[in-house]
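Only the coordinates and a few stated rules stand behind these numbers; no lab work does. This structure is a prediction, so every number in the text was calculated from the model and none was measured. Cβ coordinates were reconstructed from backbone atoms using ideal geometry, including for glycine residues, and neighbour counts include every protein chain displayed.
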Amino acid sequence: MKQRIVCLLLGLSGCFLPIQAQNIPVYLDESKTIEERVEDALSRMTIEEKIALLHAQSKFSSAGVPRLGIPEVWMTDGPHGIRPEVLWDEWAQAGWTNDSCTAFPALTALAATWNPELAMNYGKAIGEEARYRKKTVLLGPGVNIYRTPLNGRNFEYMGEDPYLASRMVVPYVVGVQSNGVAACVKHFALNNQETERGTIDVVADERALREIYLPAFKAAVQEGQVWAIMGAYNKYLGEHCSHNAYLLKKILREEWGFNGVVISDWGGVHDTREAIFNGLDMEFGTWTGGDDWSNSDSYSQYFLANPYLELIKAGEVGTAELDEKARNVLRLIFRTEMNRNRPWGKFVSEDHSKTAWEIATESIVLLKNNGNLLPIDVSKANKIAIIGENAIKKMTVGGGSSSLKAQYEILPLEGLRKYLEPQVEVVYARGYVGDVSTEFDNVSTGQDLRDNRSPEELLKEALVVAKDADYVIFIGGLNKSHEQDSEGADRKSMDLPYGQDKLISELAKVNPNLIVVNISGNAVTMPWVNEVPAIVQAWFLGSEAGHAIASVLCGEVNPSGKLPFTFPVKLKDNAAHSLGAYPGNDGKVEYKESILVGYRWHDTKKIKPLFGFGHGLSYTTFEYGKAQLSSSTLSRHEQIICSVEVTNTGNKPGYETVQLYISDLKSSLQRPLKELKAFRKLMLNPGETKTIEFAIDNEMLQFYDDTKSAWVSEDGSFEILIGSSSTDIRTKAKFNLK
Ligand code: BGC
């Protein structure tokens, strides 16, 4: 009434009344629940309008319902930054000038922080960037388990351990979605290699599926309440994962209660009937039936477009599935685009740079530090030689769908110069020429890396430069080029490419103060490991790469990263390769190692890794007290508390990640020697002691019994192993489950 009077006074006779005051349809009424609004919207839509919701209308968007004012859905990769705008129907960038993002560190790096708080900050920040760029769905994070060091996409994932990946994915998802932008966890499931990714049929037993490959997805769904999930390219049980009845209907919907949207991977749909009946909601990236660039109407040819409509019209399929899919998509739209209370987002802000820097610095892993060569003593150095292509190569462009157009990227050489000059003379030599490409989908880094010198000339120059320097910092590793850390193909070998091994050995001969910084998203062999006193694992660190590397090498930041996957000595030490179970043959790859993935394999088979899962040194030292248990018996509905004291015994403040593994001492089915079940990252000042308490419960003791299709724990003895890594256990305690 009041509003009407105001409007009359203004002479507007009610025509601009606020939306609540009019007789508005339920789907627009924000006082109603999302489910009420979904049902109302659905009841107003034609079959054609429902179909239109289910497939792409461009490379990264799908239609809304224009007639009803229901917005379109816009997707973006993911997972390390917001992908530049592409042309309507092409992968090439559209040439916008407002879409250069903050490049966050790759997800391997995030996992290496072992810091769920940083995962939350990551998700929140990248979600803000997605929101500002008006995106509905961020295509990430990826949580496929690291099975082989050859997988080209490992850098986009969170390592080899399902528990670590679970703890990191949940806050990422929550952070993204706090912006009213959906996260889309990918690639569901068993997409652990790029070789034949579109056709390979994965044969994994039920225990491996449940214990290793699914937990991070399950956590994203049940704890993170993720709104979207992406079906993988590969097959499982003979069916493509984007329309796989067992994965999508039985496990995801029925068992886990997922009520979000299942989105196909781009081009991951192959069959209309399977797509209709096996739980897919949205189809993207398909080229069907000879469809190609020349066909301007390709989207209507999608499996879930006209072919679906025709089946309905012919009465061959009903509309129950159609309604269910449309419901899921509408729910997504109400949660995101039609949520008027969501924040506005922001783009390339100072705090995003800070978040990127924090994650990058906390992710760097000090693998080896003989004689405390690191941190560099800047006050005593006159000259530092920096060698290697990765010191000067931008890494945010390339690698496939996660390639970015970053607003800026600090190179390692640039970062180190900022720290060291002018007090210290910095000299650079390239040492080798790897891949000089600087472009992806016509985004260019703007660098010209061409160099026609022979390997001998490059080596000679490097050795001259290195010889009389106080320190030599070699910065190499992999890059984002084809058959390196990149989508679409696997690596051909686990060795460093471009003759780097020889170069490193030669450098070690001319200067004992050699520091090797390996930039990669994957394990590499290190035949020179005993020749080099200090080795640092850096990752694809994004915009702040150079700053982060410099601040760790120069000691402004005490390294605290821990490996999220094992570095085997050689490829054959990895389970899949040892068993000849990669990349498969005749269209199938059998996961013969079952649950013994990563450190579970190395531990159980007693194969010493080069650097174990969870390994990472610090510039200080930590001592562990004895693990104490509140009781030596655990009953199934209770908890016992395991406490341990940790002391910083060195002279620098530092973070330690205390890792708790559990070993089932006797079990009816084979179990890994030990499994990560808890961890805590804590800051300790020199001399400071903190007591950490871990609650131990029945769930931590369970395994998946495939004969019973259930998670079970068995009475008997268990051992808790607490340490600084999977290969550095400091204290143990036993208890019984009753
Ligand atoms: C990748 C996805 C990505 C999609 C869209 C696919 O090739 O597998 O991870 O989100 O493309 O770019």
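Worth pointing out:
- Relative contact order (%) - criterion: Cα under 8 Å, at least six apart; region: the range 408-469: 34
- The protection proxy used here, the mean number of other Cβ atoms lying within 10 Å of each residue, ranks peptides 57-68, 186-197, 508-519, 368-379 as follows, highest first: 186-197, 508-519, 57-68, 368-379.
- For VAL143, the residues whose modelled amide H falls within less than 5 Å of its own, excluding neighbours fewer than 5 places apart on the same chain, are LYS186, HIS187.
- Taking amide H as placed 1.01 Å from N in the peptide plane, VAL443 has its amide H under 5 Å from the amide H of GLN93, each at least 5 places away in sequence or on another chain.
- You can think of it this way: the chain between ASN585 and ARG340 has 83.1 nm of extra reach, that is 0.36 nm per residue less the Cα-Cα gap.
- Theoretical ellipticity at 222 nm over the chain - DSSP helices of four or more residues, -39500 (n - 2.57) apiece, nearest 500: -6500 deg cm²/dmol
- Relative contact order, percent, the range 535-600 [alpha-carbon distance under 8 Å, six or more residues apart]: 21
- The fewest-to-most ranking of CYS642, CYS101 by surrounding Cβ atoms within 10 Å reads CYS642, CYS101.
- Relative contact order for the range 554-663: 31 percent, from Cα pairs under 8 Å spaced at least 6 residues apart, divided by residue count.
- DSSP-defined beta bridges in the chain - what % are antiparallel, rounded to 5: 55
- Look at where the Cα atoms of the range 92-124 and of the range 183-224 average out, and the two centres are 22 Å apart.
- Against the empirical 2.2 N^0.38 Å (N residues), the range 428-543 has a Cα radius of gyration ratio of 1.09.
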